[in-house]
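This report refers to the structure that appears directly beneath it.
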Ligand code: SF4
């Protein structure tokens, strides 16, 4: 089956049929170049030749009350992930300035935990203000925020809110039992209603099926989330998923392509697990797979690659960094 019809549908903003979705899921290795070219054409239609770069700082690490099975920061698992309270705002700003010098235009302040406690909140407000002053668009991933907290953070310059759904509603109970999926969906809706730029996506390779992948993409489409982070599991010793295999790069590329067809005009950002899955050898393929953005630098609890190598890859692909 060729990918012409699914491409045309995506360009028109229409959903593919089940048969067309299945053809992407089941694409053989020799069909991969054609599939990726098709997904890349949709991406180019909406985003031209620009690649959006973002970076994060792990602003508060570990001791999370939730039990997400993939996560090094859950207090339910025994991992080697660092544990520390919220970093001083000036330290967060230093990381932002380094990211700006490396080419990032968006900077995420990421913290473990389900909610933001009162004593931390003022620190976040100050950190957001300093990141904005460093010339970056500040994003936050602090867990669930109230409408009042969002208003205060927006007044300080907050641009974006990041809250992953992680997987489908159907599979979520296999991933986390300490909170309901609907709480995460509501957190995304609240941030969208408050006018924040919302990044919400998930993690792949945690035992979910292709149907779960499609289910999450369709929910994100319905929610009108503008930006979808795609993470691939790096199995962390001490978590329940420590023995899961790394995802096969060809499968990861099929996921990215499928998300481009299901979410044609949304930013699709490849984040955690990028280097672990693709290595240096195959990471160039990602730029031609339908992805429109990359997280650069280190991830939350795992190392990323050298930013210079990502920038070189982008130049060699004839693309350029998005200027905001
Ligand atoms: S993914 Fe987030 S909510 Fe879940 S355990 Fe990790 S830090 Fe906590």
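The values are calculated or read from the model by the stated rules, or taken from the named source; none is laboratory data. Note that this is a predicted model, so its numbers are computed, not measured. Here Cβ is always computed from backbone atoms with ideal geometry, including for glycine, and neighbour counts include all displayed protein chains.
Give the number of residues within the stretch 135-169 that are more than 14 Å from the ligand (Cβ to nearest atom) and surrounded by fewer than 19 Cβ atoms within 10 Å (Cβ to Cβ). Here the count works out to 12. Cβ-Cβ distances below 7 Å connect the following pairs, each with a first residue in the stretch 82-95 that is in contact (Cβ under 8 Å) with a residue 60 or more places away in the chain, a second residue that is in a loop (DSSP other than H, G, I, E, B), and a separation of six or more residues or different chains: 82/62. Condition first: surrounded by fewer than 18 Cβ atoms within 10 Å (Cβ to Cβ), more than 16 Å from the ligand (Cβ to nearest atom) and modelled with pLDDT under 90. Can you find one or more residues in the stretch 117-132 that meet it? Yes. Scanning the stretch 14-59 for residues that are in contact with a helix residue (DSSP H, G or I) (Cβ under 7 Å, 6 or more places away or on another chain) and under 26 Å from residue 99 (Cα atoms) turns up 43, 51, 55, 57, 59.
So is residue 59 assigned to a strand (DSSP E or B) and within 13 Å of the ligand (Cβ to nearest atom) or not? Yes, satisfied. Criterion applied to 3, 70 was being without any contact (Cβ under 8 Å) to a residue 60 or more places away in the chain and buried (at least 22 other Cβ atoms within 10 Å of the Cβ), and the one residue passing it is 3. Kindly check whether there is at least one residue in the stretch 88-104 that is at pLDDT below 90, within 22 Å of the chain's Cα centre (by Cα) and within 16 Å of the ligand (Cβ to nearest atom). No, the conditions are met nowhere in the stretch 88-104.
For the list (1) outside any helix (DSSP H, G or I); (2) surrounded by 15 or more Cβ atoms within 10 Å (Cβ to Cβ), I need the number of the one condition that residue 14 fails. With (1) outside any helix (DSSP H, G or I); (2) surrounded by 15 or more Cβ atoms within 10 Å (Cβ to Cβ) applied to residue 14, the lone miss is (2).
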